[in-house]
1. Applying the selection to the range 62-89, what residues are under 24 Å from Lys124 (Cα atoms) and either modelled with pLDDT under 90 or aliphatic (A, V, I, L, M) (or both)?
2. Restricting attention to the range 65-92, which residues are under 30 Å from Lys133 (Cα atoms) and in a strand (DSSP E or B)?
3. May I ask you to list the residues in the range 189-209 that are exposed (fewer than 14 other Cβ atoms within 10 Å of the Cβ) and touching a strand residue (DSSP E or B) at 6+ places or on another chain (Cβ under 8 Å)?
4. Any idea how many residues of the range 108-163 are closer than 28 Å to Phe191 by Cα and among the hydroxyl-bearing types (Ser, Thr, Tyr)?
5. Tell me, which strands (runs of 3 or more DSSP E) wholly within the range 107-169 include 1 or more residues that are without any contact (Cβ under 8 Å) to a residue 40 or more places away in the chain, in contact with a Gly (Cβ under 9 Å, 6 or more places away or on another chain) and of a type in the set (Gly, Ala, Ser)?
6. Give the residues of the range 191-226 that are touching a residue at least 60 places away in the same chain (Cβ under 8 Å), closer than 23 Å to Leu142 by Cα and in a loop (DSSP other than H, G, I, E, B), sorted by residue number.
Amino acid sequence: MHQHKTLGYTFVSLFVMMFLSVTSFAQQAPVLDTSSDREDSIEHATANALENKISHQVCVSFDVFQALLNYNSTYREGYELAVDYYYKKDLYLVAEGGWGHSHLNNSRLSYASNNSFYRVGFNKSLLNRSSPKDWDMAFIGLRLAAAPIQRGQVTYTIIDNYWGTTNGTINATNFVGVWAELTGGFRVELFKGLFLGYSIRGKFLLNQKPFLTLAPIYVAGYGKSEKNAVFDFNAYITYAIRWKKGRSMPATTKK
């Protein structure tokens with residue numbers, strides 16, 4: 001329990017530091033030397049004009065960091081994809097998913113598991129857009145996730161100097177894992193429609209009971225399932241698909 005509290009405090013500290021750094025960056029922007037009423041009027045007019053010109057955007061992302069972990073791991077494999085849609089006012093609706101499997105095979109214990117997973121939620125950008133072409137973002141977000149999990153039959157060997165060696169099996173089982181996520185990160189457009197970005201996630205298991213009896217060594221989308229709270233990192237390559245909104249009425253000018 002102490003370890004889980006420490007993990008939670010560490011994540012909150014990192015998240016607050018990231019938020020403060022982004023806020024500090026935003027505060028460094030130059031301020032117009034005009035009255036507050038005039039500034040508010042200009043800001044409101046600019047925001048309305050920008051909103052009218054903003055295109056629709058759907059982004060498809062692939063997590064290259066998970067692929068790198070697959071290459072360096074001997075017991076797990078997982079893949080993650082994400083799709084987000086710009087809704088309005090720096091709010092992005094997000095759907096994520098993936099699949100993976102793991103196995104444990106030694107002289108004492110042997111079993112395999114596989115699962116898919118699904119996450120839904122939103123990202124909120126902390127940076128105001130400067131133009132219709134500005135899609136860079138620093139964000140925070142929330143997710144709710146679920147993973148149908150299949151754990152195969154388990155074979156085990158118990159070696160005891162008094163009772164001798166005992167071999168046995170545990171039946172295969174299917175169950176669902178559910179967890180919540182708090183996430184934050186950055187995304188930068190390098191070329192038109194092509195982004196690089198990353199996110200840091202704190203994941204908190206909501207239904208611990210199914211994992212109490214020989215949990216899978218790894219659950220794709222979550223991580224090491226014997227822990228009720230974990231950290232994760234994603235590094236994305238993202239491609240954006242954009243299209244314009246319907247044309248608005250032209251503004252009238254006084255002669």
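The values are calculated or read from the model by the stated rules, or taken from the named source; none is laboratory data. From a predicted model like this one, the values you see are computed outputs, not experimental measurements. As a convention, Cβ positions derive from the backbone with ideal geometry for all residues, glycine included, and neighbour counts pool all protein chains shown.
1. Answer for the range 62-89, where residues must be under 24 Å from Lys124 (Cα atoms) and either modelled with pLDDT under 90 or aliphatic (A, V, I, L, M) (or both): Val64, Leu81, Ala82, Val83, Lys88, Lys89.
2. Answer for the range 65-92, where residues must be under 30 Å from Lys133 (Cα atoms) and in a strand (DSSP E or B): Glu80, Leu81, Ala82, Val83, Asp84, Tyr85, Tyr86, Tyr87, Lys88, Leu91, Tyr92.
3. First pass over the range 189-209, keeping only residues exposed (fewer than 14 other Cβ atoms within 10 Å of the Cβ): 190-192, 194, 206-209.
Selection gives Leu190, Leu194, Leu206, Asn207.
4. Total satisfying the criteria: 3.
5. Values: elements: 109-125, 137-151, 154-160.
In the range 107-169, 137-151 are the strands (runs of 3 or more DSSP E) which contain 1 or more residues that are without any contact (Cβ under 8 Å) to a residue 40 or more places away in the chain, in contact with a Gly (Cβ under 9 Å, 6 or more places away or on another chain) and of a type in the set (Gly, Ala, Ser).
6. Tyr218, Ala220, Gly221, Tyr222
Here's the yes/no breakdown for (1) of a type outside the set (Gly, Ala, Ser); (2) at pLDDT 95 or above; (3) more than 25 Å from His103 (Cα to Cα):
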site: Val188; (1), (2), (3): yes, yes, yes
site: Tyr198; (1), (2), (3): yes, yes, yes
site: Gly202; (1), (2), (3): no, yes, no
site: Val219; (1), (2), (3): yes, yes, no
site: Lys224; (1), (2), (3): yes, no, no
